[in-house]
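The values are calculated or read from the model by the stated rules, or taken from the named source; none is laboratory data. Nothing here was measured: the structure is a model prediction, and the numbers come from that model. For neighbour counting, all protein chains shown are included, and Cβ atoms are generated from backbone atoms with ideal geometry for every residue, glycine included. To get the accessible areas, we keep the full protein, side chains included, count just its heavy atoms, and leave off ligands, DNA and RNA. Shrake-Rupley method; radii C 1.70, N 1.55, O 1.52, S 1.80 Å.
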Amino acid sequence: MITVSKQPFDPGPAAWNEILPSAMPYPKLDGDIRADFLVIGGGFAGLSTARRLKQLQPDAAICVVEARRIAEGPAGRNSGFMIDLPHNLASKDYAGDAARDRSQTALNREAIAFAAAAAEEYAMPQEAFSPSGKINAAATERGVTHNQDYAQHLASMGEAHELLDATAMRAISGSDYYLGGLFTPGTAMLQPALYVRGLGEGLAASGVLFFENTPVTSLNREGTAWRAATPTGNISAGAVILCVNGHAESFGFFKRRLMHIYLYASMTRALTAEEAAALGGERRWGFTPADPLGTTVRRISGTGGERIVVRNRFTWAPGRSVDAQRLRPVAHVHDRSFSARFPCLAGVEMAYRWGGLLCLSLNTAPAFGELEPGLFSACCQNGLGTAAGTLSGKLIAEQICGHESASLSAMQSFPAPKRLPPEPFASIGANATMRWGEMRAGKEL
Ligand SMILES: Cc1cc2nc3c(=O)[nH]c(=O)nc-3n(C[C@H](O)[C@H](O)[C@H](O)COP(=O)(O)OP(=O)(O)OC[C@H]3O[C@@H](n4cnc5c(N)ncnc54)[C@H](O)[C@@H]3O)c2cc1C
């Protein structure tokens, strides 16, 4: 018997979801049902698992349960960069070992192609999934140097990229904050809530059963099947797939091997036409920071109007929870980052502020594979879950269905997530690394 020790919690609203018209709810489980496959978690990994299972076994009964509503969890709270290239958050400029980066890039592209096919099949609007590339923005000379180093790394990998100067960055963003940028074309930019909702709707239309507001509280082995208990009913399934990212640890797996971190973002109210005109620049762009601990900024233009989204600050959360009050000091940093970049938008306030939990491992390994007979994991996306979650969901479905591929072998050859140092050393080390990194990021924050 596996008792789930913690249910998911993320502070503040899932803004990307809030700015969309409200979605028709899926039902809450009511009573006992049977399925061939039970997917726990309705984020990138869970929905991609369900999609790939449906492709490989069209007649199977597939069920997805989500503790909250689809797009209310981290899948609807991220910045929407589905990145193809190496993006090692622990490196000064995102680059890592060249051979590993090449194979990671191929895997990320497989995920992006899988997401692109879903977006096309389910006729999602371009706002949901747009293969428009991204820019690594540098606000300091140090950032410019990071970009140059990273550009060299990309050149050695044979990857297309373009260095931009301050004038080009101003023409794109309307801001003269940036000294330079590095454009790479392979990132897909998501309206993450629109994308995951679209994926859910497409799957539901093809017969996948969805239950929202249905947290799994325990798992029990019953012969060759598993029974998942929820507050309002039970689901028996031949195979269960955990797609709960760091909450794999709440199910009792990968204990002291996963690093749980909250990330925070704020989104402005919709700009007026005058404010948008005063800002100038292009209507849609996405900047990741040249320093991994700096500020991610997006300008979006779509269903919820024209807005700016900023994302920065990391907090360590070994217990997978955070006090909602934590948003207050973070808000101050967001406001500072926003006003430094956009002084001409001085009167524009933030409409939404939120945080979301993500999961990393010390050796950037996923928590992937069969945990016990019939119980599988597609967890620990190492921060980049839009691509990594999509990939691990796709590949775990292939493993379950015996569909062999080079990508699955690559995924299976990762070592297990490395054990963390004992407490209090892990917490002291993680907090010191993040605070020092944020201080060093300087104007990049
Ligand atoms: C502010 C912010 C910015 C980010 N920016 C980016 C970005 O630009 N690009 C990128 O690639 N990544 C980004 N991320 C990370 C990304 O959001 C995650 O890595 C990704 O959502 C992980 O996908 P997943 O499907 O594995 O897990 P999740 O999206 O976390 O989905 C897991 C789901 O499982 C559900 N669940 C958990 N326990 C249970 C239970 N007991 N019963 C039922 N359901 C359960 C949760 O409610 C959740 O919805 C960002 C995250 C944040 C917070």
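Taking every residue in region 72-85 that is more than 16 Å from TYR352 (Cα to Cα) and part of a loop (DSSP other than H, G, I, E, B) and pairing it with any residue that is more than 6 Å from the ligand (Cβ to nearest atom) and among the acidic types (Asp, Glu), at least 6 positions away or on another chain, the pairs with Cβ-Cβ distances below 7 Å are LEU85/GLU159.
When region 382-418 is filtered for residues that are hydrophobic (A, V, I, L, M, F, W, C) and over 24 Å from PRO74 (Cα atoms), the ones remaining, listed by number, are ILE400, CYS401, ALA406, LEU408, ALA410, PHE414. Of the listed requirements (1) aliphatic (A, V, I, L, M); (2) farther than 20 Å from ASP84 by Cβ; (3) surrounded by fewer than 23 Cβ atoms within 10 Å (Cβ to Cβ), MET169 misses just one: (3). Restricting attention to region 198-254 and to residues that are more than 10 Å from the ligand (Cβ to nearest atom), over 21 Å from GLN399 (Cβ atoms) and hydroxyl-bearing (Ser, Thr, Tyr), the residue that is surrounded by the most Cβ atoms within 10 Å (Cβ to Cβ) turns out to be SER236. A search for C-beta distances below 6 Å between a residue of region 168-189 that is without any contact (Cβ under 8 Å) to a residue 60 or more places away in the chain and any residue that is of a type in the set (Lys, Arg), counting only pairs 6+ apart in sequence or on different chains, returns ASP176/ARG170. Flag set for ILE83, criterion: of a type in the set (Val, Ile, Thr), within 17 Å of the chain's Cα centre (by Cα) and buried (at least 18 other Cβ atoms within 10 Å of the Cβ).
Only residues that are open to solvent by 10 Å² or more (accessible area, probe 1.4 Å) and under 25 Å from ILE300 (Cβ atoms) were counted in region 136-149, giving 0.
Does THR433 count as within 18 Å of THR315 (Cβ to Cβ) and either among the β-branched types (Val, Ile, Thr) or assigned to a helix (DSSP H, G or I) (or both)?
Against the criterion (within 18 Å of THR315 (Cβ to Cβ) and either among the β-branched types (Val, Ile, Thr) or assigned to a helix (DSSP H, G or I) (or both)), THR433 qualifies.
Residue pairs whose Cβ atoms lie under 8 Å apart, sitting 6 or more positions apart in sequence or on different chains, and linking a residue in region 351-363 that is under 14 Å from ALA14 (Cβ atoms) and in contact (Cβ under 8 Å) with a residue 60 or more places away in the chain to a partner that is more than 12 Å from the ligand (Cβ to nearest atom) and open to solvent by less than 10 Å² (accessible area, probe 1.4 Å), are ALA351/THR268. Filtering region 379-390 to residues that are open to solvent by 10 Å² or more (accessible area, probe 1.4 Å) and hydrophobic (A, V, I, L, M, F, W, C) leaves LEU384, ALA388.
Strands (runs of 3 or more DSSP E) fully within region 217-294 that include at least 2 residues being touching a Cys at 6+ places or on another chain (Cβ under 8 Å), over 30 Å from PHE314 (Cβ atoms) and at pLDDT 95 or above: 233-242. Residues of region 277-336 that are among the β-branched types (Val, Ile, Thr) and in contact with a Leu (Cβ under 6 Å, 6 or more places away or on another chain): THR295, THR303.
Among the conditions (1) more than 24 Å from HIS247 (Cβ to Cβ); (2) part of a strand (DSSP E or B); (3) open to solvent by less than 10 Å² (accessible area, probe 1.4 Å), the only one that THR315 does not satisfy is (1).
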